[in-house]
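K.L.:
Submitted below is the structure of interest, expressed as structure tokens.
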Amino acid sequence: MSAPDLSTVRHSAAHVLAAALQSLYPDVKFDIGPATAEGFYYDIDMAHRLTPEDLKAVEKEMKKTLGRRLPFERLEWSRQEAHDFFASRGQTYKLERLGDIPAGETISVYRCGDFTDLCRGPHVEHSGQIGAVKLLSIAGSYFRGDEKNPMLQRVYGTAFHSREDLDAYLQAIEEARRRDHRKIAAEMELFSTHEDVGPGLVCWHPRGARVRHAIESFWKDMHYAHGYELLYTPHIGRARLWETSGHLDFYRESMYSAMEIDENDYYVKPMNCPFHIQIYQNRPRSYRELPLRWAELGTVYRYEKAGVLHGLLRVRGFTQDDAHIICTPEQIESEITEVLRFSLSLWKAFGFTDIKAYLATRPAKAVGEPARWEQALQSLEKAVQACGLACEVDAGGGAFYGPKIDLKIKDAIGREWQTTTIQFDFNLPDRFDMTYVGADGQRHRPYMVHRALLGSLERFFGILVEHYAGAFPTWLAPEQVRVLPISEQYSAYAGEVAAALRSAGVRVEVDEAADPIGGKIRRARQQRLPYMAIVGEREAADGTVAVRSRAGEEGAVPLGDFVQRVREEIAARR
């Protein structure tokens, strides 16, 4: 008999977790315990606040259940039977979840040992099929995700078919912790956040700003090379702009109101697209001008709950790698193919090669004519095929205003990140009555595509830090070379070395501290620098530098040769 799929194993492990908690803490109240992409969790409410030490005891209790090979038994109850069962045990959250089940729908519960849960399933046949489990952490979670509701305790865990798979996963978690961009950023002084500034708002330090500048400069050069023009737009806009776009109707809870100016309400922008449309509408457009490819590194602000903010990966203020393509229906297929090829070339430059596409199709509720959706979907599919990308279909996963392609990349330790989005929009061209004059002299509605390749600079930067573990390739490194004089008497030559590198466009600093050379080397290593150039009596006399790269010690190299080598490495973006 084949092994149950991993999501079923993990869902069953969540029930075993709940059973263990019920055994150890009889007053516990349960909410939900689903499987996730990484494992499972269970939300609970009880007086005792769990600690990491408590998790060890809970996990021990779980393993007893796994060893007993207890069956998972599915039962179907009437609504009254389910209500009476959970009410008699004080399980108020289960009663609320019972109320969510539509009238006439089957009410099923699963029993494993002494624990019975309201659940659709499926589950493994018996607890022995779960394999290996590990409890990972405890966090807070509001009931139904609403800050007005009670705060629950969320116990996270994971489960695998075998101990070997679990050990490999735990090793990957440890590696992810080592690469945590917040930890590395603090060591390298890249960015910071401050309560007095506000949660989710990032302050870029000089070293982080150096990397960001390198990314932005490359991004701009690549966009000009691919036929884009760059735009700059305001950070706020009048309420009527957001009324026309529909953001105030559908997105108000995520928007920040700015102020009243001249008796008009203004809002901080959550998106750049309405401004780009205003530029398009500034004068009549002809089919001869299309396609228009307009890009902007536009900083936007969106409200996120405090509990989901996470370093650079989830923030409230961020700069979108944003662009909009406005074209005729006949141009759409070639434009989408060009965007995908452009995106792949960008990812290759940053060292990402394992990329997969996800095609999201028309949902049940959608705007736009079905024929336009079909043409858009065919264009997306052909573009994916032309680029040779692996692709999965997300049936019904498109936005109400158009289908989309999402690209997901895998980083150095195999984690998948959603990045590039190519999104059709049949909504805004209608809302803003966008038109162009065709070859027939008549007005036509253009196609509009929203497109972000890197996503946002903040999130992309966080991904990069973790992908490289802070060891940026030379072209991106905030400091590409550090010159280390062995003692103060060689400071003058160290300055000459730095000047030669700086004139070649290399980011270089001199460590002038009166510390032993060993201390200087340790500091440079902590900063994960591509190169150290050590200078002393012999190097000053011979016009050389003693090179240490991240790969190891290389010995004396003529200064001119070293400068040329670093310059070529930066230019090639190796």
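The values are calculated or read from the model by the stated rules, or taken from the named source; none is laboratory data. Keep in mind it's a predicted model, so treat the numbers as computed, not measured. Because the Cβ atoms are built from the backbone with ideal geometry, glycine has one as well, and the counts that use them run over all protein chains shown.
Here's the yes/no breakdown for (1) in the same structural domain as V557 (by TED's automatic domain parsing); (2) surrounded by fewer than 17 Cβ atoms within 10 Å (Cβ to Cβ); (3) closer than 26 Å to E187 by Cα:
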{"site": "E488", "(1), (2), (3)": "yes, yes, no"}
{"site": "G519", "(1), (2), (3)": "yes, yes, yes"}
{"site": "P530", "(1), (2), (3)": "yes, no, yes"}
{"site": "R538", "(1), (2), (3)": "yes, yes, no"}
{"site": "T544", "(1), (2), (3)": "yes, no, no"}
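K.L.:
Right, another one. Inspect all residues belonging to the stretch 312-322 and state whether any of them is more than 16 Å from the chain's Cα centre (by Cα) and not assigned by TED's automatic domain parsing to the domain that holds M151. Full working, then the answer.
P.N.:
Applying the first criterion (more than 16 Å from the chain's Cα centre (by Cα)) to the stretch 312-322 yields none.
The answer is no; no qualifying residue exists.
K.L.:
Also: Identify all residues within the stretch 213-234 that are within 23 Å of the chain's Cα centre (by Cα) and either closer than 24 Å to V268 by Cα or among the hydroxyl-bearing types (S, T, Y) (or both); write none if there are none.
P.N.:
Of the stretch 213-234, the ones within 23 Å of the chain's Cα centre (by Cα) are 213-220, 222-223.
Matches in the stretch 213-234: E216, S217.
K.L.:
Here's a follow-up. Is it true that some residue in the stretch 2-9 is within 21 Å of V155 (Cα to Cα) and either surrounded by fewer than 14 Cβ atoms within 10 Å (Cβ to Cβ) or touching a Phe, Trp or Tyr at 6+ places or on another chain (Cβ under 8 Å) (or both)?
P.N.:
Yes, there is a match, as at least one residue in the stretch 2-9 is within 21 Å of V155 (Cα to Cα) and either surrounded by fewer than 14 Cβ atoms within 10 Å (Cβ to Cβ) or touching a Phe, Trp or Tyr at 6+ places or on another chain (Cβ under 8 Å) (or both).
K.L.:
Can you confirm whether L501 is assigned to a strand (DSSP E or B) and over 33 Å from the mean Cα position of the chain (by Cα)? Break it down stepwise before answering.
P.N.:
On the way: assigned to a strand (DSSP E or B): no; over 33 Å from the mean Cα position of the chain (by Cα): yes.
So L501 does not fit the description; no.
K.L.:
Hey, any hits in the stretch 137-146 for a residue that's among the basic types (K, R), outside the structural domain of I413 (by TED's automatic domain parsing) and either touching a residue at least 40 places away in the same chain (Cβ under 8 Å) or in a helix (DSSP H, G or I) (or both)?
P.N.:
Of the stretch 137-146, the ones among the basic types (K, R) are 144.
Next cut, outside the structural domain of I413 (by TED's automatic domain parsing) only: 144.
Next, only the ones that are either touching a residue at least 40 places away in the same chain (Cβ under 8 Å) or in a helix (DSSP H, G or I) (or both) stay: 144.
Yes, that holds for at least one residue.
K.L.:
Which residue, of Y256, Y301, Y280, Y251, is in contact with a Gly (Cβ under 8 Å, 6 or more places away or on another chain), aromatic (F, W, Y) and either outside the structural domain of R154 (by TED's automatic domain parsing) or surrounded by 14 or more Cβ atoms within 10 Å (Cβ to Cβ) (or both)?
P.N.:
Numbers: Y256 fails: in contact with a Gly (Cβ under 8 Å, 6 or more places away or on another chain); Y280 fails: in contact with a Gly (Cβ under 8 Å, 6 or more places away or on another chain); Y251 fails: in contact with a Gly (Cβ under 8 Å, 6 or more places away or on another chain).
Exactly one residue qualifies, and that residue is Y301.
K.L.:
Here are some residues: E38, E61. Which one is more than 20 Å from L152 (Cα to Cα) and within 33 Å of the chain's Cα centre (by Cα)? I'd like the intermediate steps shown before the answer.
P.N.:
Numbers: E61 fails: within 33 Å of the chain's Cα centre (by Cα).
The conditions single out E38.
K.L.:
Here is a further query. Of all residues in the stretch 66-97 being within 25 Å of Q153 (Cα to Cα) and of a type in the set (S, T, N, Q), which is surrounded by the most Cβ atoms within 10 Å (Cβ to Cβ)?
P.N.:
Only one residue tops the list, namely Q91.
K.L.:
Which of the residues that make up the stretch 289-306 are touching an Asp or Glu at 6+ places or on another chain (Cβ under 8 Å) and either farther than 30 Å from V437 by Cα or free of Cβ contacts under 8 Å to residues at least 12 places away in the same chain (or both)?
P.N.:
Hits for the stretch 289-306 are Y303, K305.
K.L.:
Across the stretch 447-495, what is the total count of residues that are touching a residue at least 60 places away in the same chain (Cβ under 8 Å), farther than 30 Å from S345 by Cα and assigned to a helix (DSSP H, G or I)?
P.N.:
To start, the set of residues in the stretch 447-495 that are touching a residue at least 60 places away in the same chain (Cβ under 8 Å) comprises 447-481, 483.
Now restrict to residues that are farther than 30 Å from S345 by Cα: 483.
Remaining after also requiring assigned to a helix (DSSP H, G or I): none.
Qualifying residue count for the region: 0.
K.L.:
Now a separate question. Against the conditions (1) in contact with a Ser or Thr (Cβ under 8 Å, 6 or more places away or on another chain); (2) surrounded by fewer than 17 Cβ atoms within 10 Å (Cβ to Cβ); (3) within 13 Å of S12 (Cα to Cα), where does E125 fall short? Just the number, please.
P.N.:
The failed condition is (1).
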